[in-house]
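Visitor: The following block contains the structure, expressed as structure tokens.
The values are calculated or read from the model by the stated rules, or taken from the named source; none is laboratory data. This one's a predicted model, so the numbers in the text were calculated from it and none came from an experiment. No Cβ is skipped: glycine too gets one built from the backbone with ideal geometry, and neighbour counts run over all protein chains shown. Accessible surface areas use protein heavy atoms only, side chains included; no ligands, DNA or RNA. Shrake-Rupley method; radii C 1.70, N 1.55, O 1.52, S 1.80 Å.
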Amino acid sequence: MKYTGPRIVTPPPGPKARTLIEEDIRMLSPSLTRSSPLVGEKAEGVFVEDVDGNVFLDFGSGIAVTALGHRHPEVIASMKAQMDKLIFINSLDYYTIPQVDYAKMLFEVTPGDFEKRVFYTNSGSEAVETAIKMAKWHNRKMYGIGFINGFHGRTLAALSFTTNSLTARRGFQPLYPIGQFTPYPHCYRCLFDKTYPSCDMHCLNYLTDVVFKKIVPPDETSFIMLEAVQGAGGYIVPPKEFFPRLSQICRQHNILLIVDEVQTGFGRTGKMFACDHFGLEPDIIALSKAIANGFPCGAAVSRSEVMDWVDAAHEGTLNGNPVIMEGAKTVLTVMQRDNLPAHAEKLGAYLKDHLAFLMEKYPIIGDVRGLGLMIGVEFIKDAKKTPAVDFRNQLIDLAFQKGLMLLGAGESSIRLAPPLIITKEQLDTGLSILEDCIKELS
Ligand SMILES: Cc1ncc(COP(=O)(O)O)c(C=O)c1O
């Protein structure tokens, strides 16, 4: 299978896709978002083929998962080799070699030159749950502070800190009763209507002067948790002063800092972790998505002394599967060998420049932001920045019709997060479809 570009042979969804989708809708949970009517059958590199033979260029990587591209041959080979030896014995009763091997690799690349420990999980939400439980076990303090517009998953404790949309919370509240909130530094849409940098990071002043003085005492606060770059919330990058001051607040009050790098991790932002852009060394970091290029896997990595819980306090039957661990080892090896973070940084800069040029041309584009190959494009209706929600949704649909897979984020943004192996030519192909769609809909 060798794809050279997107190819639409029948308007999607074609007949086979429509049949499958009808059955799916009857049988699977109606809670799944389903951005486009794509029924994937095969994939390779940056391309996905549907059941009707249409080929799409993947600009979303399944939400920043397939960083090495679809079906990376070395990942497949290492997993097959492990399958021929041992597939499963359960990680809570026994030991396996790949878990320890991968831990050594992970500790080398995760932020902070201190002793670490890891707990493996099967998803991002589970990594976040693990981080929350670990912090609570360690310091036995009551509260956790999250940031408005954050996304941390949909299991109950993770959902308690998910505030990017009401849809996720409606019907499930009250949630785990420890989450308090403070605004994320979303400078394009500041909740305080202030302007950066004259705001003096008012969102952090709000934390220290309002939350800590009127709502939650800092000495009862176990942890502060946030994304290094908000993902589902719209690919929002904090200003450079934000993290040093936040870390200082955590240190001052002996509060653990949990950074959720489930979406930003593993080269996506142009460095191995988004924390590396800010010199940030969290006490606990939550990882998943790109970790095994599509296989269910996650990890919570902490300072050694923070993971001080006792046996049976937290475990999981399927965690740290040796086959998936071998895949994860290969992901990291390939990423470092092929300098994929640097490649993401270079192509990301190119992508951002091109989008900035489109922003000049099309007033419907209100903002272009992001790091590396994690770029958000926000659409607005007018000078008051009214979110162009319908436009964004139509854009995703039209791009799909033309063979480009796009994902939404925030209220009226798209997230551009192609596989990190994408070439400049492939990026240009996607950009040209994107511009055609913007032109057609504007
Ligand atoms: C930042 C962040 N944290 C946590 C999660 C939850 O991960 P999962 O869907 O694997 O449970 C996501 C998923 O999109 C995420 O983007």
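Visitor: What are the residues in region 411-436 that are farther than 16 Å from V368 by Cβ and either assigned to a helix (DSSP H, G or I) or not assigned by TED's automatic domain parsing to the domain that holds L347 (or both), if any?
Guide: Listed by number, the residues that qualify are K424, E425, Q426, D428, T429, S432, I433, D436.
Visitor: Determine if region 355-366 includes at least one residue that is closer than 30 Å to D101 by Cα and in contact with a helix residue (DSSP H, G or I) (Cβ under 8 Å, 6 or more places away or on another chain).
Guide: No - not one qualifying residue is present in region 355-366.
Visitor: Still on this structure, I have one more. Using beta carbons and a limit of 6 Å, which pairs, at least six apart or on different chains, have the first residue in region 12-28 and at pLDDT 95 or above and the second one among the charged types (D, E, K, R)?
Guide: Correct list of pairs: G14/D52; K16/D52; A17/D50; A17/D52.
Visitor: Against the condition more than 25 Å from the chain's Cα centre (by Cα) and more than 16 Å from the ligand (Cβ to nearest atom), how does A77 come out, does it pass?
Guide: When the stated conditions are applied, A77 passes them.
Visitor: So, of the residues in region 166-180 that are within 16 Å of the ligand (Cβ to nearest atom) and outside any loop (DSSP other than H, G, I, E, B), which turns out to be nearest to A135 (Cα to Cα)?
Guide: G179
Visitor: Moving to a separate point now. Only one of (1) more than 16 Å from the ligand (Cβ to nearest atom); (2) outside the structural domain of R251 (by TED's automatic domain parsing) fails for W137. Which number is that?
Guide: With (1) more than 16 Å from the ligand (Cβ to nearest atom); (2) outside the structural domain of R251 (by TED's automatic domain parsing) applied to W137, the lone miss is (2).
Visitor: Here's another thing I want to ask about it. Working carefully through the options R117, R26, R71, find the one that is among the charged types (D, E, K, R), on the phi > 0 side of the Ramachandran plot and open to solvent by 40 Å² or more (accessible area, probe 1.4 Å).
Guide: Going through R117, R26, R71 in turn, just one is among the charged types (D, E, K, R), on the phi > 0 side of the Ramachandran plot and open to solvent by 40 Å² or more (accessible area, probe 1.4 Å): R71.
Visitor: Would a scan of region 244-258 turn up a residue that is touching a Leu at 6+ places or on another chain (Cβ under 9 Å), assigned to a loop (DSSP other than H, G, I, E, B) and either on the phi < 0 side of the Ramachandran plot or away from the ligand (no atom under 14 Å from the Cβ) (or both)?
Guide: no
Visitor: Say we look at region 360-387 and pick out the residues that are closer than 20 Å to E435 by Cβ, out of contact with any Gly (no Cβ under 8 Å at 6 or more places or on another chain) and not in a strand (DSSP E or B); which of these is most open to solvent (accessible area, probe 1.4 Å)?
Guide: The residue in question is E360.
Visitor: Looking at region 225-239, is at least one residue open to solvent by 10 Å² or more (accessible area, probe 1.4 Å), in a helix (DSSP H, G or I) and either more than 16 Å from the ligand (Cβ to nearest atom) or free of Cβ contacts under 8 Å to residues at least 60 places away in the same chain (or both)?
Guide: The answer is no; no qualifying residue exists.
Visitor: Could you tell me which residue of region 32-68 is farthest from the ligand (Cβ to nearest atom), considering only residues that are among the hydroxyl-bearing types (S, T, Y) and either modelled with pLDDT under 95 or open to solvent by 50 Å² or more (accessible area, probe 1.4 Å) (or both)?
Guide: Step by step, filter region 32-68, then rank; the result is S35.
Visitor: For the subset of region 398-442 comprising residues that are open to solvent by 10 Å² or more (accessible area, probe 1.4 Å) and under 18 Å from the mean Cα position of the chain (by Cα), which member is nearest to K381 (Cα to Cα)?
Guide: Taking the candidates together, the pick is E411.
Visitor: Where residues in region 289-303 are open to solvent by 10 Å² or more (accessible area, probe 1.4 Å) and within 20 Å of P98 (Cα to Cα), which of them is farthest from the ligand (Cβ to nearest atom)?
Guide: N293
Visitor: Could we say that T163 is assigned to a loop (DSSP other than H, G, I, E, B), under 25 Å from R140 (Cα atoms), open to solvent by less than 60 Å² (accessible area, probe 1.4 Å) and out of contact with any Leu (no Cβ under 8 Å at 6 or more places or on another chain) here?
Guide: yes
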